[in-house]
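Following: one structure in structure tokens, then a few remarks.
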Amino acid sequence: MKQKWIHFLSYVLVSVLSAGAAFYLAGTASGDHKLSELQNLIEDRFIGELDMEFLEDAAADAMVKATGDRWSYYIPASEYQSHMELMNNAYVGIGITIQAEENEDGFLIVGVTPGYPAEEAGLQVEDMVIRVDGQDVRGMTTEDVRSLVRGEEGTSVSITVLRQGTEKTFSVKRGHIETPVATGKMLEENIGLVTIANFDNRCYQETKKAIDDLLAQGAEKLIFDVRGNPGGYASELIDVLDYLLPEGEVFHTVDYKGKEVVDYSDANCLDVPMAVLVDGNSYSAAEFFAAALREYGVATLVGEKTVGKGYFQSTIRLSDGSAVALSIGKYFTPNGENLAGVGLTPDIEVLLDEETKNALYYGTLEPKDDPQLQAAIQALG
């Protein structure tokens with residue numbers, strides 16, 4: 001009953017807000033806020049059981065969604081720490097990447113981060129996680145399993161896996177994990193591949209290092225892979241563009257007050273042929289990175305059309321520890337283009353089938369089997 005009521009309340013709030021109703025009730029002696037009055041009414045008279053924290057979260061989420069902006073979102077207090085870990089490219093855990101198996105036999109370990117607790121404890125790629133601290137995880141969601149594995153730094157978690165049909169249990173001490181942001185790999189014909197996971201913390205630092213390492217290995221051309229890159233901080237994007245591009249405007253923003261900020265690169269640049277891989281999951285800073293390189297005439301875009309996210313958000317903490325990421329301004333490319341709802345159409349369009357997309361997502365796609373990467377190699381000649 002409680003769940004049905006909360007869903008009903010959310011629907012009511014969306015309907016009210018979408019219709020642009022006034023926030024204050026005319027004729028009330030106290031002038032109480034409409035939503036506060038509604039909450040008080042529910043608390044005083046509703047006959048069923050109530051979880052007020054759940055009700056408030058549902059109402060806040062509905063209010064943000066009622067703006068109609070797909071990029072603004074509400075963050076419950078219980079999820080704020082996880083949100084910040086994501087933005088910081090760091091978390092407390094053991095350093096594995098898991099993939100749910102369709103037959104619910106467990107969760108396949110598809111990645112073990114070098115130098116972190118899981119590797120040190122002996123967990124391996126292809127191990128199948130079946131229990132965490134003795135609790136059977138088969139049938140759970142991936143997020144449920146992550147929540148069980150993560151915890152306080154320095155504490156231990158028991159991981160039971162199937163390895164070639166044999167059960168093995170490992171005690172793994174949780175630690176501070178920094179997830180890689182940018183990595184480099186030498187390909188054929190003196191081409192270096194730089195994969196940028198996001199533009200959050202450490203993006204510039206790791207991207208520059210990846211590029212410098214590849215150039216030191218003899219790379220004469222570069223391919224940047226921002227497929228599946230959800231964007232991140234404008235400051236990180238600007239630093240990367242400044243490193244790559246010649247003197248000129250690289251990025252500018254206009255906020256809700258009409259304040260415009262223009263960012264420029266200096267005369268130092270990287271003078272090598274480049275290509276950028278993009279897809280339908282390249283968002284925000286990833287799109288503007290690709291757009292800037294193309295508009296300066298230094299890179300060819302290869303892949304699929306991008307999503308078209310032209311707004312930027314500010315994450316604002318609320319008094320109860322929750323937060324809202326609210327769209328407060330627009331991004332523009334060096335040529336003054338806003339990509340909202342438009343996105344980027346690649347110079348060379350190459351579509352992937354579902355099997356190849358899944359392999360790309362889980363990091364198991366070999367370069368020779370990647371049609372988009374192979375098209376970029378050919379484009380660089």
Original post:
Under 5 Å between amide H atoms, partner at least 5 residues away or on a different chain: which partners does Ser156 have, H built in plane at 1.01 Å?
Top reply: Arg174
Original post:
Taking a ≥ b ≥ c as the square roots of the eigenvalues of the Cα gyration tensor of the chain, is the shape rounded (a/c under 1.5), prolate (a/b larger than b/c) or oblate?
Top reply: oblate
**OP:** Please turn the phi angles of the range 141-152 into ³J(HN,Hα) values with the Karplus equation 6.51 cos²θ - 1.76 cosθ + 1.60 (θ = phi - 60°), one per residue in order, whole Hz, x for glycine and proline.
**Re:** 8, 4, 5, 4, 5, 4, 5, 5, 6, 7, x, 6
Original post:
With θ set to phi - 60° and the Karplus curve 6.51 cos²θ - 1.76 cosθ + 1.60, what are the ³J(HN,Hα) couplings of the range 328-342 in order, to the nearest whole Hz, using x for Gly and Pro?
Top reply: 10, x, 10, 9, 9, 6, x, 8, x, 8, 9, 8, 4, x, 10
Subject >> Per residue, in Å², the accessible surface of the chain once ligands and nucleic acids are set aside, probe 1.4 Å >> reply: 52 Å²
Original post:
Share of the chain's accessible area from carbon and sulfur, percent, 1.4 Å?
Top reply: 49 percent
**OP:** Give me the number: length gained by fully extending Ser171 to Asp105, i.e. 0.36 nm times residue separation minus the C-alpha to C-alpha distance, one decimal in nm.
**Re:** 21.6 nm
Original post:
According to the Cα gyration tensor, what semi-axes, each the square root of 5 times an eigenvalue, does the equivalent ellipsoid of the range 268-381 have, listed from largest to smallest in whole Å?
Top reply: 29, 20, 12
**OP:** Identify the trypsin sites (Lys or Arg not before Pro) of the range 238-297 meeting these criteria: DSSP loop state and at most 14 other C-beta atoms within 10 Å of the C-beta.
**Re:** Lys257, Lys259
Original post:
If you rank Lys309, Lys209 by how much accessible surface each has, with a 1.4 Å probe, what is the order from largest down?
Top reply: Lys209, Lys309
Original post:
Rounded if a/c is under 1.5, else prolate if a/b beats b/c, else oblate: with a ≥ b ≥ c from the C-alpha gyration tensor eigenvalues square-rooted, which is the range 167-246?
Top reply: oblate
Subject >> Magnitude of the charge dipole, the chain, Cβ model with Lys/Arg +1 and Asp/Glu -1, debye to 20 >> reply: 600 debye
**OP:** Go ahead and set up a Gaussian network model of the chain, Cα springs under 10 Å, then flag whichever of Leu215, Leu50, Leu360 fluctuates most.
**Re:** Leu50
Subject >> Top positive-direction residue, dipole computed over the chain with Cβ charges, set Ala216, Tyr256, Ala100 >> reply: Tyr256
**OP:** Considering only DSSP beta bridges where both residues belong to the chain, give the percentage that are antiparallel (nearest 5).
**Re:** 75 percent
Original post:
Between Phe170 and residues 5 or more places away or on another chain, which pairs have amide H atoms under 5 Å apart, with H built 1.01 Å from N, and which residues are they?
Top reply: Ile159, Thr160, Val161
**OP:** As a check on your grasp of the helix formula, calculate [θ] at 222 nm for the chain: sum -39500 (n - 2.57) over DSSP H runs of n ≥ 4, divide by the residue count, round to the nearest 500.
**Re:** -9500 deg cm²/dmol
Original post:
Of Gly343, Gly310, Gly151, which is the most mobile in a GNM of the chain whose springs link Cα atoms less than 10 angstrom apart?
Top reply: Gly151
Subject >> In the range 90-176, chymotrypsin sites (Phe, Trp or Tyr not before Pro) in a DSSP loop with at most 12 other beta-carbon atoms within 10 Å >> reply: none
Subject >> the range 115-207 - charge dipole about Cα centre, Lys and Arg +1 at Cβ, Asp and Glu -1, debye rounded to 20 >> reply: 220 debye
Original post:
Can you pick out the pairs among Lys65/Lys309; Lys305/Lys330; Lys65/Lys257; Lys34/Lys257; Lys185/Lys357 whose Cα atoms lie more than 24 Å from each other?
Top reply: Lys34/Lys257
**OP:** Report the antiparallel proportion of the DSSP beta bridges in the range 216-288 as a percent, rounded to a multiple of 5.
**Re:** 60 percent
Subject >> Shape call, the range 143-192: gyration tensor on alpha carbons, a/c limit 1.5 >> reply: oblate
**OP:** Return the long-range amide H neighbours of Gly192 (sequence gap of 5 or more, or a different chain), with a cut-off of under 5 Å between placed amide H atoms.
**Re:** Leu187, Glu220, Lys221, Leu222, Ile223
Subject >> Virtual spin-label span in nm between Tyr362 and Leu318, 7 Å along Cα→Cβ >> reply: 3.7 nm
Original post:
So if we plug the beta-carbon distance of Ala90 and Arg45 into 1/(1 + (r/R0)^6) with R0 = 41 Å, what FRET efficiency do we get, rounded to 0.05?
Top reply: 0.30
Original post:
Just how large is the dipole of the range 29-73 about the Cα centre, in debye to the nearest 20, putting +1 at every Lys and Arg Cβ and -1 at every Asp and Glu Cβ?
Top reply: 300 debye
Original post:
Which whole-Hz couplings ³J(HN,Hα) result when phi for each residue of the range 126-137 is put into the Karplus expression 6.51 cos²θ - 1.76 cosθ + 1.60, θ = phi - 60°, listed in order with x for Gly and Pro?
Top reply: 5, 5, 10, 6, 10, 9, 10, 6, x, 8, 5, 9
Subject >> Fluctuation leader among Asp369, Asp239, Asp279 - the chain, Gaussian network, Cα springs under 10 angstrom >> reply: Asp369
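The values are calculated or read from the model by the stated rules, or taken from the named source; none is laboratory data. These figures come from a predicted structure and were not determined experimentally. All Cβ positions, even for glycine, are placed from backbone atoms using ideal geometry, and neighbour counts span all protein chains on display. Ligands, DNA and RNA are stripped out before the accessible areas are found, and what is left, the full protein with its side chains, is counted by its heavy atoms. Shrake-Rupley method; radii C 1.70, N 1.55, O 1.52, S 1.80 Å.
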